[in-house]
1. Quick one: would you say TYR318 is surrounded by 19 or more Cβ atoms within 10 Å (Cβ to Cβ) and at pLDDT below 75?
2. Across segment 232-243, what is the total count of residues that are surrounded by fewer than 16 Cβ atoms within 10 Å (Cβ to Cβ) and either more than 8 Å from the chain's Cα centre (by Cα) or at positive phi (or both)?
3. Among SER299, SER227, SER207, SER295, which is the only one that is outside any helix (DSSP H, G or I), of a type in the set (S, T, N, Q) and closer than 30 Å to LYS39 by Cα?
4. Please work out which residue is surrounded by the most Cβ atoms within 10 Å (Cβ to Cβ), limiting yourself to segment 324-348 and to residues that are modelled with pLDDT of 65 or more and of a type in the set (Lys, Arg).
5. Residues to consider are TRP239, TRP170; find the one that is closer than 13 Å to LEU309 by Cα and part of a strand (DSSP E or B).
6. Answer yes or no: is there a residue in segment 171-184 that is crowded, with 18+ Cβ neighbours inside 10 Å and modelled with pLDDT under 85.
7. For the structure I just gave you, tell me whether PRO126 is assigned to a loop (DSSP other than H, G, I, E, B), surrounded by 13 or more Cβ atoms within 10 Å (Cβ to Cβ) and modelled with pLDDT of 75 or more.
Amino acid sequence: METERQPDPTAPLEAGLRRFPCENCGARLEFAPGQMALKCPYCSHENQIDDGGGAAAVEELCFHASLSEAQAAAPKDAHTAVKCSSCAAVIDKPPHVTSISCPFCASNIVAQDSTATLIRPNCILPFHVPRERALDSFRAWLASRWFAPNALKAEGRLDAGVNGAYVPAWTYDTFVTTRYEGYRGDAYYVTVGTGKNRRTVRKVRWSYRAGVVTNDFDDVLVIATRSLPEKRLHALEPWDLKAVVPYSDDYLAGFHAECYQIDLPQAFEVAKGIMRPTIEGSIRRSIGGDEQRISKMHSQYDQLTYKHLLLPVWVSAYRYKGRVFRFLVNARTGEVQGDRPYSWVKITLFTIMCLIIAAIIGLIFAAVNR
């Protein structure tokens, strides 16, 4: 017979968040991934969340004359935060707690208060993939690593935990007008040499070109954290950004939330780099020909708006021989990415086995062809 869980009145809450008590037993409600509801972990009572009309209601914030003016005018909150010395994550500190575990690298953090005034998120992608599915994915992923040390697999099966965390991000919408100068290359062929040395050579005739191209960008995503591996975070894409809903504290109940480490103007510089290949592609199509060279380009960003949003990620962080390895799950799509150590003993034995098999095949082939 299953033992009924009793409410824990001392469970810490995220700093600055509203408390969501259960109407039935008074315990703290938690967001239920995929259900758009707050659920009591003790009596299973549910409160439905009003998403405010969904993605259509999410406001794009205008940059006005400059990034600095927009940053100054944006709604802000004061956050009491702690910074992890191992992975540099900046996390909202639960009240009345002196020591917490970092959800991104599993390090212990001795809480020292620091207050920062940050732009408030105006939208969020709620968790959809439940914890059990994320934990099963982690265990299956770990078991499938052929060259992982046996000790790691045993430890992972016994001790692996999965934490739900919201990662900060920015998106940008803008209409870009780019003036360019460059050269168009048109290929032609000439025959050179005589006799056996006669051959056709490709040459290019270059001509100057200048013009204007336009590009309309929607939801250029810049993830605003440095605490998780950039390569792994990008591999979790795509995010279903059309499913964002207006921000509400309800969605953070039971999860950690990281404060952004890449601010609004810094992130826009990153966004420019993301947009650049698309702009260059438009310029090359405008120049035409067989080859193109771009010598100058100047872009003007008009109708510039942004959103500050939170993205849901399940994180499993574990240590092996003093190193931190992470496993990430996109909590919307279930996409998984991870890092792991390698067993050089297994790799060496596998290499030797392959060489032996190759040698045997070589001997058999030689014997057949005698």
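The values are calculated or read from the model by the stated rules, or taken from the named source; none is laboratory data. Not measured: the values here are computed from a predicted model. Note: ideal-geometry Cβ built from the backbone for every residue, glycine included; neighbour counts use all protein chains shown.
1. yes
2. Kept after step one, since they are surrounded by fewer than 16 Cβ atoms within 10 Å (Cβ to Cβ), are these residues of segment 232-243: 234-235, 237-238, 240, 242-243.
From the residues that got through so far, the ones that are either more than 8 Å from the chain's Cα centre (by Cα) or at positive phi (or both) too are 238, 240, 242-243.
Summing the residues that are surrounded by fewer than 16 Cβ atoms within 10 Å (Cβ to Cβ) and either more than 8 Å from the chain's Cα centre (by Cα) or at positive phi (or both) in segment 232-243 gives 4.
3. Within the list SER299, SER227, SER207, SER295, the selection yields SER227.
4. Selected residue: ARG332.
5. Testing whether each residue is closer than 13 Å to LEU309 by Cα and part of a strand (DSSP E or B) leaves just TRP170.
6. So far as segment 171-184 goes, no, none of its residues is crowded, with 18+ Cβ neighbours inside 10 Å and modelled with pLDDT under 85.
7. Answer is yes for this residue.
Condition check ((1) under 19 Å from PRO312 (Cβ atoms); (2) aromatic (Phe, Trp, Tyr); (3) surrounded by fewer than 17 Cβ atoms within 10 Å (Cβ to Cβ); (4) assigned by TED's automatic domain parsing to the domain that holds GLY281) across all residues:
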position	(1), (2), (3), (4)
LYS196	no, no, yes, no
ARG199	no, no, yes, no
VAL220	no, no, no, yes
ALA224	yes, no, no, yes
GLU230	yes, no, yes, yes
ALA253	yes, no, no, yes
HIS256	yes, no, no, yes
